[in-house]
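Okay, structure first, notes after.
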Amino acid sequence: MKIIAFGGSNSRNSINKKLATYVSHLFEGYEVEVLDLNDFAMPLFSVDLEKEIGQHPLAQQFLDKIASADLLVVSLAENNGNYSAAFKNLYDWASRIAPKVFQQKPMLLMATSPGGRGGASVLEIAKNAFPRYGANVLATFSLPSFNDTFDVENMKISDGVLDNEIRDIVKKFSF
């Protein structure tokens, strides 16, 4: 069984990638592969560019990674209440190849931010939109106030209540 995990940010110090990495390793018995959105950097999508260069091979590589997964663990960055430009661009390119980008894979959908809402806006947008693009969203989780609730040095959630909450969510996944 394989998990593909990623944070929806191209920041080298992505807090969402850190959260996705931590949570994906809570699933026992899974092979975990954590993707870095920087490995899928493409020019800004436009239909004109697509007509000129065709489907971008990095978008296909992303889709191939999704296809290899038994479970997706995704934590989205929130930029001005929505997806980061890096994630949205990858999503746009990939959806032109396969409209059901997430290929009916079960997904744990999350978000975090330094603020007290924990990426609630982007999480709500994705929870409503992703099923139209082939995500089987089984659970959602928001980690508020990342700098106060996540121990970066030990790479784990430091708030006991929130850590127990995500551990309970993970326990409910059964395959």
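What follows is calculated from the coordinates using simple rules that are stated; it is not laboratory data. The model shown is predicted, which means the values in this text are computed figures rather than measured ones. Cβ atoms come from the backbone with ideal geometry, glycine included; neighbour counts cover every protein chain shown.
Rounded to the nearest 10 degrees, the inclination of helix 120-129 to the longest alpha-carbon principal axis of the chain is 50 degrees.
Using the 10 angstrom Cβ neighbour count as an exposure proxy, how do Ile97, Ile3, Ile169 rank, fewest first? All intermediate terms of the calculation are to be shown ahead of the outcome.
On the way: Ile97 13, Ile3 20, Ile169 17.
Listing Ile97, Ile3, Ile169 from fewest to most nearby Cβ atoms yields Ile97, Ile169, Ile3.
For the listed peptides 16-27, 99-110, a ranking on the average number of other beta carbons within 10 Å per residue, highest first, reads 16-27, 99-110. Stretching Asp92 away from Leu49 to a fully extended chain increases their span by 14.2 nm, per 0.36 nm per residue minus the current alpha-carbon distance. If you fit an axis through the alpha-carbon atoms of helix 57-67 and take the longest principal axis of the Cα set of the chain, what angle between them do you get, 0 to 90°, nearest 10? For 57-67 against the chain, the angle is about 40 degrees. Can you compute the FRET efficiency between Ser145 and Ile125 using 1/(1 + (r/R0)^6), with r the Cβ-Cβ distance and R0 = 25 Å? Round to the nearest 0.05. Plugging the Cβ-Cβ distance into 1/(1 + (r/R0)^6) gives 0.75. Computed over neighbours whose Cβ is under 9 Å from that of Lys2, the net charge equals -3, Lys and Arg +1, Asp and Glu -1.
Using θ = phi - 60° in the Karplus curve 6.51 cos²θ - 1.76 cosθ + 1.60, the 3J(HN,Hα) couplings for region 27-37 round to 7, 7, x, 9, 7, 10, 10, 9, 8, 10, 4 Hz; x is entered for Gly and Pro. How many angstrom lie between the Cα centre of region 1-76 and the Cα centre of region 130-157? Centre-to-centre (Cα) distance: 15 Å.
Listing Val170, Val152 from fewest to most neighbouring C-beta atoms within 10 Å gives Val152, Val170. Taking amide hydrogens as placed 1.01 Å from N in the peptide plane, the amide H of Lys105 sits under 5 Å from those of Asn136, each at least 5 positions away in sequence or on another chain.
Looking at the chain, what % of its DSSP beta bridges pair antiparallel, to the nearest 5?
Numbers: 3 of 27 bridges.
The answer is about 10 percent antiparallel.
Between Gly8 and Ser75, Leu76, Ala77, the built amide H atoms are under 5 Å apart, and every one of these is 5 or more places off in sequence or on another chain.
Using only Cα atoms, tell me the angle between helix 15-24 and the longest principal axis of the chain; keep it within 0 to 90° and round to the nearest 10. The answer is roughly 70 degrees. Ordering Ile53, Ile157, Ile125 from the fewest to the most neighbouring beta carbons within 10 Å gives Ile53, Ile125, Ile157. A Förster radius of 30 Å combined with the Cβ-Cβ distance from Glu31 to Arg117 puts the calculated FRET efficiency at roughly 0.35. For the options Gly119, Gly134, Gly54, a Gaussian network treatment of the chain with springs between C-alpha atoms closer than 10 Å singles out Gly54 as fluctuating the most. Taking amide H as placed 1.01 Å from N in the peptide plane, Ile157 has its amide H under 5 Å from the amide H of Asp151, each at least 5 places away in sequence or on another chain. 3J(HN,Hα) along region 130-147: 4, x, 5, 10, x, 8, 9, 6, 8, 7, 10, 8, 10, 10, x, 6, 3, 5 Hz, from the Karplus curve 6.51 cos²θ - 1.76 cosθ + 1.60 with θ = phi - 60°, whole Hz, x for Gly and Pro. Rounded to the nearest whole Hz, the Karplus-based 3J(HN,Hα) values (6.51 cos²θ - 1.76 cosθ + 1.60, θ = phi - 60°) of region 75-90 follow the sequence 10, 9, 6, 10, 10, 6, x, 9, 4, 5, 4, 5, 5, 4, 5, 4, with x at glycine and proline. For the chain, adding -39500 (n - 2.57) for each run of n ≥ 4 DSSP H residues and dividing by the number of residues yields -11500 deg cm²/dmol at 222 nm.
Charging the Cβ of each Asp and Glu at -1 and of each Lys and Arg at +1, and nothing else, the dipole of region 88-175 about its Cα centre rounds to 620 debye. Just to confirm a number: summing +1 for Lys and Arg and -1 for Asp and Glu over residues other than Val152 whose beta-carbon lies under 13 angstrom from that of Val152, what do you get? Neighbourhood net charge equals 0.
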